[in-house]
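S.K.: Let me begin by handing over the structure; questions about it come next.
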Amino acid sequence: MDFAMYSIESEFPLKNPNGKMDCYIAGIVGESFDIYCWMTAPSSKEVQAWKRGWLRYGAFISNDVPFVLLYFPEVKTSLDVSINIHAEREKNRPYQG
């Protein structure tokens with residue numbers, strides 16, 4: 001399995017599919033998945049929460065669509081990301097949109 005290394009303090013190598021707006025997307029990687037995040041001007045607390053902070057997570061299914069829930073208690077930030085396994089069949093798609 002190939003691993004990609006991403007740095008929180010550098011420009012993200014993947015293009016934001018939502019233009020310049022904040023965006024969270026899941027992409028299937030082997031038998032697991034990655035969550036990609038684009039944030040405009042995150043605070044230093046938000047950066048530290050993503051790098052070293054506590055994380056609560058969960059999952060639920062709505063209308064046969066799985067969702068991953070993330071919560072960063074230190075900055076009171078939460079997000080949910082759907083995982084579209086059918087989108088993975090499209091060629092040259094490094095993430096889902």
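The values are calculated or read from the model by the stated rules, or taken from the named source; none is laboratory data. These numbers were taken from a predicted model, which means no experiment stands behind them. A quick note on method: Cβ atoms are made from the backbone with ideal geometry, for glycine too, and the neighbour counts reach across all protein chains shown.
S.K.: Within the set of pairs 6 or more residues apart or between chains, which connect a residue that is within 18 Å of F67 (Cα to Cα) inside segment 14-29 to a residue that is small (G, A, S) and assigned to a loop (DSSP other than H, G, I, E, B) with Cβ atoms less than 8 Å apart?
M.R.: From segment 14-29, the pairs are I25/G97.
S.K.: What's the number of the only condition in (1) at pLDDT 90 or above; (2) within 13 Å of Y24 (Cβ to Cβ); (3) not hydroxyl-bearing (S, T, Y) that W38 fails to meet?
M.R.: (1)
S.K.: I would also like to ask the following. Of all residues in segment 9-57, count the ones that are among the small types (G, A, S), part of a strand (DSSP E or B) and in contact with an Asp or Glu (Cβ under 9 Å, 6 or more places away or on another chain).
M.R.: Residues flagged as among the small types (G, A, S), part of a strand (DSSP E or B) and in contact with an Asp or Glu (Cβ under 9 Å, 6 or more places away or on another chain) within segment 9-57 amount to 2.
S.K.: Report yes if some residue within segment 69-81 is assigned to a loop (DSSP other than H, G, I, E, B), modelled with pLDDT under 80, surrounded by 10 or more Cβ atoms within 10 Å (Cβ to Cβ) and aliphatic (A, V, I, L, M); otherwise report no.
M.R.: no
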